[in-house]
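The values are calculated or read from the model by the stated rules, or taken from the named source; none is laboratory data. If you're wondering where the values come from, they're calculated on a predicted model, not measured in any experiment. No Cβ is skipped: glycine too gets one built from the backbone with ideal geometry, and neighbour counts run over all protein chains shown. Quick note on the areas: whole protein, heavy atoms, side chains included, nothing else; ligands and nucleic acids left out. Shrake-Rupley method; radii C 1.70, N 1.55, O 1.52, S 1.80 Å.
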Amino acid sequence: MQKSILIIGACGQIGTELTFALREKHGNENVIASDIREGNADLMASGPFEILDATNYEAIENVVMHYEIEEVYLMAAMLSATAEKFPMRAWNLNMNSLFNVLNLAKEKKISKLFWPSSIAVFGPNTPKDDTAQNTIMEPSTVYGISKQSGERWCEYYFNKFGVDVRSVRYPGLISWKTLPGGGTTDYAVEIYHKALEEKQYSCFLKEDTLLPMMFMDDAIRATIDIMETPAEKIKIRSSYNLAAMSFNPSQIAKSIQQHIPEFKISYAPDFRQQIADSWPSSINDSEAQEDWGWKPAFDLEKTTHEMLKNLK
Ligand SMILES: NC(=O)c1ccc[n+]([C@@H]2O[C@H](COP(=O)([O-])OP(=O)(O)OC[C@H]3O[C@@H](n4cnc5c(N)ncnc54)[C@H](O)[C@@H]3O)[C@@H](O)[C@H]2O)c1
């Protein structure tokens, strides 16, 4: 018998592609997508969907019982740039949604749980290059504080209650199927859309802002791989560093110019520059490589090729 999976926040940038990937693997009927809003037409047509508020424990419990859910992927969150504008709403959503699913697992109503953390757990005092799994963190954004707290709670629920929770610290994610949802690395998606539509882009980060990034296919593969790894191999129950590539706005512009020579970039940094400046430039993910065999497949060149080909 196939296991039943629930994705909460399934209509966002990651959730949409994760839903398709899990449906492909486990069968459409066995993967229940949910969100507080409807998703794109392809997602809605591809299998079961429930309107669900991640901050409502009873509502999640009802869906879990109804579909006999075994695994939950919690993708609902308020992202870094938006969270700076609505700090208390971000804290409420990011923390209470996590407690809801951790408590469902503690009560043995689900058996396994994925919750994503972020490179935003690091802060201005973190060593910037090749940032280690265990290092100074001290996040300086509302979002980063919620992710770091979330990591501590995940580890606590594993140690105290044996909750099988798994997590990765995603870098900035680049995708073409769904637009990003209000993060600091959104520029690396917008730039491809603008390059094709207008042959120019005004970037909200400075040209030399080097950040860790990843193409969505790699992120989805990492997510599914860590969930399929035997529990005893998952040594880190807070969240694993995860890396693929690092680039700055000037480098991504150059890679686009290889395909669209007339493309021009200009720079108008806004409040997101300060967030970006507090994050690492590159990430050391040797623990993910060793513990569950992580290896990225997409570099900047391949990412640009995929983005332009699919957005055209
Ligand atoms: N995209 C990235 O670059 C990135 C990087 C690091 C970490 N992450 C993390 O990955 C996860 C998913 O990110 P994303 O980029 O897909 O975000 P997104 O903003 O694109 O999607 C989030 C989804 O959650 C839904 N949502 C909001 N409030 C909800 C609620 N109360 N109940 C149910 N659903 C609700 C939204 O409607 C949206 O569809 C988040 O935890 C995020 O912090 C993302």
Above 36 Å lies some portion of the pair distances; for the chain, what is it as a whole percent of all C-alpha pairs?
14
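In region 1-69, which trypsin sites (Lys or Arg not before Pro) are in a loop and have at most 11 other Cβ atoms within 10 Å, using DSSP for the loop call?
Values: sites: LYS3, ARG23, LYS25, ARG37; in loops: LYS3, ARG37.
Passing sites in region 1-69 are ARG37.
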Non-local residues with an amide H under 5 Å from the amide H of PHE247, with H modelled 1.01 Å from N and Pro and chain starts lacking one, are LEU211, MET213
By how many degrees, between 0 and 90 and to the nearest 10, does the Cα long axis of helix 13-26 differ from the longest principal axis of the chain?
50
Holding the Cα-Cα limit at 26 Å, pick out from LYS25/LYS295; LYS177/LYS199; LYS85/LYS199; LYS177/LYS295 the pairs that are longer than that.
LYS85/LYS199
Checking ASP164, ASP291, ASP42 against a Gaussian network model of the chain (alpha-carbon springs below 10 Å), the top fluctuating residue turns out to be ASP42
dims of region 31-94, Cα set, principal axes, largest to smallest, nearest Å -> 35, 27, 16
Ordering GLU61, GLU151, GLU228 by the accessible surface of their heavy atoms, 1.4 Å probe, largest first, yields GLU228, GLU61, GLU151
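Which net charge results for the neighbourhood of HIS26, defined as the other residues with beta-carbon distances under 12 angstrom from its beta-carbon, given Lys and Arg at +1 and Asp and Glu at -1?
Net charge around HIS26: -2.
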Inverse of <1/r> over all distinct C-alpha pairs of region 61-157, i.e. the Kirkwood Rh in Å, gives 14.4
Which of LEU22, SER278, MET214 sits closest to the plus end of the dipole of the chain, meaning its Cα is farthest towards the positive end, when Lys and Arg get +1 and Asp and Glu get -1 on the C-beta?
SER278
What size of dipole, in debye to the nearest 20, comes out for region 8-147 about its Cα centre when the only charges are +1 on Lys and Arg C-beta atoms and -1 on Asp and Glu C-beta atoms?
340
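Dipole of region 247-312, Cα-centred, from +1 at each Lys and Arg C-beta and -1 at each Asp and Glu C-beta, to the nearest 20 debye?
In debye, rounded to 20, region 247-312 gives about 480.
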Along region 180-193, Karplus-curve 3J(HN,Hα) (6.51, -1.76, 1.60; θ = phi - 60°) to the nearest Hz, with x for Gly and Pro, reads x, x, x, x, 7, 9, 4, 4, 6, 9, 3, 4, 6, 4
Student exercise, the chain dipole from Lys, Arg, Asp, Glu Cβ charges, in Debye to nearest 20:
200
So for region 248-312, what are the equivalent ellipsoid semi-axes in whole Å, largest first, each being the square root of 5 times an eigenvalue of the Cα gyration tensor?
27, 21, 9
Once amide H atoms are placed 1.01 Å from N in the peptide plane, what residues at a sequence separation of 5 or more from LYS112, or on another chain, have their amide H within under 5 Å of its amide H?
VAL72
With a cut-off of at most 12 other beta carbons within 10 Å, and DSSP calling the residue loop, which trypsin sites (Lys or Arg not before Pro) in region 46-137 qualify? Please list them.
LYS108
Under 5 Å between amide hydrogens, which residues at least 5 positions from ALA10 or on another chain qualify, with H placed 1.01 Å from N in the peptide plane?
SER34, ASP35
Diffing region 208-223: the Karplus 3J(HN,Hα) column from phi (6.51, -1.76, 1.60, θ = phi - 60°), in whole Hz with x for Gly and Pro, holds 9, 7, 7, 9, x, 9, 7, 6, 4, 4, 5, 4, 5, 5, 4, 5
LYS108: which lysines have alpha carbons under 16 Å from its alpha carbon, excluding same-chain residues fewer than 8 sequence positions away?
LYS3, LYS160
Could you bin all the Cα-Cα distances of region 1-146 into 5 Å bins starting at 0 and give me the percent of pairs in each, rounded to whole numbers?
2, 10, 18, 20, 17, 14, 10, 6, 3, 0
Test of the criteria: in region 261-293, which chymotrypsin sites (Phe, Trp or Tyr not before Pro) are in a DSSP loop and have at most 15 other Cβ atoms within 10 angstrom of their Cβ?
PHE271
As an exercise, find the ratio Rg/Rh for region 184-312 from alpha-carbon atoms, using the Kirkwood inverse-distance average for Rh.
1.03
